[in-house]
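**Q** Structure below; questions to follow.
Every number here is computed from the coordinates shown, using simple stated rules; none is lab data. Remember, it's a predicted structure, so these values are computed and weren't measured experimentally. Neighbour counts are summed over all protein chains in view; Cβ atoms, including those assigned to glycine, are modelled from backbone coordinates with ideal geometry.
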Amino acid sequence: MKFGTKAIHAGVHPDPTTGAIMTPIYQTSTYVQRSPGDHKGFEYSRTHNPTRTQLQNALAALDNGKHGLAFASGMAATDCVVKLLKPGDEVISTNDLYGGSYRIFTKVYEPLGIKFHFVPMHDMAAVREKVNERTRMIWVETPTNPLLNVIDIAAASAVAKEAGALLVVDNTFSTPYLQTPLELGADIVAYSLTKYMAGHSDTVMGALVYNDDQLHERLSFYQNACGGTPGPQDCFLVLRGLKTLHIRMQRHCENGRKIAEFLKAHPKVGKVYWPGFADHPNHEVAAKQMNDFGGMISFVLEGDRKEDAVAVLEKFELFSLAESLGGVESLSGHPATMTHASIPAEERRKAGLSDSLIRLSVGIEDADDLIEDLRQAIG
Ligand SMILES: *Cc1c(COP(=O)(O)O)cnc(C)c1O
């Protein structure tokens, strides 16, 4: 089955009792048993809920994976994965990681004895350098946020396999429409569903997708034991969002290309970060592992002054200044003061994250209007 058909049909079935074509919102905490232990597969909604089950099946299908697990947020999904580790274990990740992931790694798990290394992962030699006998996990996010570096998933998988470590790929920016990491050798795919997957800026949720049954035993145990599960109404919203994922992504990518090219040609714009450019340092990897290049673009202004960036952000009319990304509406952001404020200034500098950097999440409006907004704001 091709992607667009799967986005609409995979993993979901008409409701068995009524025939409702859309998965009902099973707004219930518990389920009546006929006799002790004699039930229909549902006992308590932290453990299982039919709306969540259908979402989890749909998510697994889209990534060509066997198992899916949904969580109350992307961070709850991340948290569940790190619980696979124990004190003394080491993780290698990228140095321009999503700020919230950096925060949970360094502020929650490092004090518990897990060690994290942050390296520029688009250079696989930098990853190899940190591998030792305690390496248990390699955590990739690609394209990275906000510099849109592209990390070679297949190459990372080779390093992980050699080290006997799990490869986790945060696929939030790409979605399975652009890349399916399990097929490139990843063990676990992690999502903030809040972004492109739900796609309408109306819910916060996360997910994991993977193939391995033993991994499923442990991760589903943590999902239930720790309880970071989403409610059925949110699951319904993501199920609804997924049905247009392919159409939305197609438009995000088309608009992204037009805007990246507009910015590149603009005399007041400095460096533009977008993996679709032939001169992007990781363009070849992007072209190899992705179906298209997405709608996330970052750029700096000529002169690289923070106050100029702030002035542009204040002038935007369509690109709303807001945290988050991946919704139908275009958003703008200032990573140094917003999404990446939790990364120390020194680390930000090392990662090449300038204080004048503007990040765009290009929505699915008409590209001409978006370009007009950029034109008036940049001046
Ligand atoms: C937003 C985001 C997360 C965290 O997800 P939440 O749903 O906000 O908890 C993780 N990784 C990436 C790349 C993100 O953009």
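**Q** Just give me the residues in the stretch 294-316 being in a loop (DSSP other than H, G, I, E, B) and either touching a residue at least 60 places away in the same chain (Cβ under 8 Å) or at positive phi (or both), in sequence order.
**A** G294, G295, G303, D304, F316
Quick grid of which residues meet (1) farther than 20 Å from T94 by Cβ; (2) small (G, A, S):
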| position | (1), (2) |
| --- | --- |
| M296 | no, no |
| D304 | yes, no |
| G333 | no, yes |
| R359 | no, no |
| A367 | yes, yes |
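**Q** Moving on. Among all residue pairs at least 6 apart or on different chains, which show Cβ distances below 6 Å where the first residue, located in the stretch 114-138, is closer than 20 Å to I188 by Cα and the second is assigned to a strand (DSSP E or B) and polar (S, T, N, Q)?
**A** Matching pairs, first to second residue: F118/S93; M121/T94.
**Q** Also: Here are L357, L325, L374, L353: which of them is touching a residue at least 12 places away in the same chain (Cβ under 8 Å), of a type outside the set (V, I, T) and over 26 Å from T106 (Cα atoms)?
**A** Result of the check over L357, L325, L374, L353: L374.
**Q** Which number in (1) within 16 Å of the ligand (Cβ to nearest atom); (2) surrounded by fewer than 14 Cβ atoms within 10 Å (Cβ to Cβ) marks the one condition that A76 misses?
**A** Of the numbered conditions (1) within 16 Å of the ligand (Cβ to nearest atom); (2) surrounded by fewer than 14 Cβ atoms within 10 Å (Cβ to Cβ), the odd one out for A76 is (2).
**Q** All but one of (1) more than 16 Å from the ligand (Cβ to nearest atom); (2) of a type in the set (V, I, T); (3) surrounded by 13 or more Cβ atoms within 10 Å (Cβ to Cβ) hold for V32, so report the exception by its number.
**A** It is condition (3) that V32 fails.
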